[in-house]
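Trainee: Would you mind keeping the following structure in view while I ask a few things?
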Amino acid sequence: MAKPLVEKELNTQHKKFIKNVAAGQKYSVAADRAGFHGTGYGSYLMRQPKILTALECELEKQGIDDGYLVNKIKEGLEAFYVKKDGGQEYPDFHAIEKMIRTVLLVKKDIAEGGDVRNTQVNIILSPELMKGLVDSGKITDIEAEEVIDELQHEPVRE
């Protein structure tokens, strides 16, 4: 593999890779289309601080900043779907569960040393959400009781 991009400036290939990732391409595809060939090179590039900084700037230029992401997370945690029985809205527990999993994975990554500044995620586990997760089979009654029990014993942080 190449040397880490510490002193080196980003070249045209690096900039194309960043644009490709910001457009939603997988790292491997973005690297290949930018002219980098080699297994795992996209993942390698995504571990380079200069690439990450440039990608963050590119995403902010596109309007995808921390505030935007927080709003999208909130929307995901409050997802609804409409049944054909008169247009009644129901909580989309599948989408909510996927969002919770995603948030927890991100929080785990942060706890393991990810570089994130001023990040706070609040997940409100309402009785309706817990019932929906149980009804959808995503968690068992016992798991729901364990979560509730743990929440009752955890001190509230201000």
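Trainee: In region 96-154, what residues are within 21 Å of TYR68 (Cβ to Cβ), at pLDDT 70 or above and either surrounded by 14 or more Cβ atoms within 10 Å (Cβ to Cβ) or among the acidic types (Asp, Glu) (or both)? Before the answer, list the steps.
Mentor: At the first step, the residues of region 96-154 found to be within 21 Å of TYR68 (Cβ to Cβ) are 96, 98-107, 109-110, 114-124.
Next cut, at pLDDT 70 or above only: 96, 98-107, 124.
Answer for region 96-154, where residues must be within 21 Å of TYR68 (Cβ to Cβ), at pLDDT 70 or above and either surrounded by 14 or more Cβ atoms within 10 Å (Cβ to Cβ) or among the acidic types (Asp, Glu) (or both): ILE96, LYS98, MET99, ILE100, VAL103, VAL106, LYS107.
Trainee: Given (1) in a loop (DSSP other than H, G, I, E, B); (2) closer than 30 Å to LYS131 by Cα, identify the lone condition not met by GLY63.
Mentor: So the condition that GLY63 fails would be (2).
Trainee: Can you pull out the residues in region 68-86 that are at pLDDT below 85 and among the aliphatic types (A, V, I, L, M)?
Mentor: Result: LEU69, VAL70, VAL82.
Trainee: Still on this structure: Identify, by number, the condition in (1) within 30 Å of GLY132 (Cα to Cα); (2) of a type in the set (D, E, K, R); (3) without any contact (Cβ under 8 Å) to a residue 40 or more places away in the chain that GLU97 doesn't meet.
Mentor: That leaves (3) as the condition not met.
The values are calculated or read from the model by the stated rules, or taken from the named source; none is laboratory data. This one's a predicted model, so the numbers in the text were calculated from it and none came from an experiment. Cβ coordinates were reconstructed from backbone atoms using ideal geometry, including for glycine residues, and neighbour counts include every protein chain displayed.
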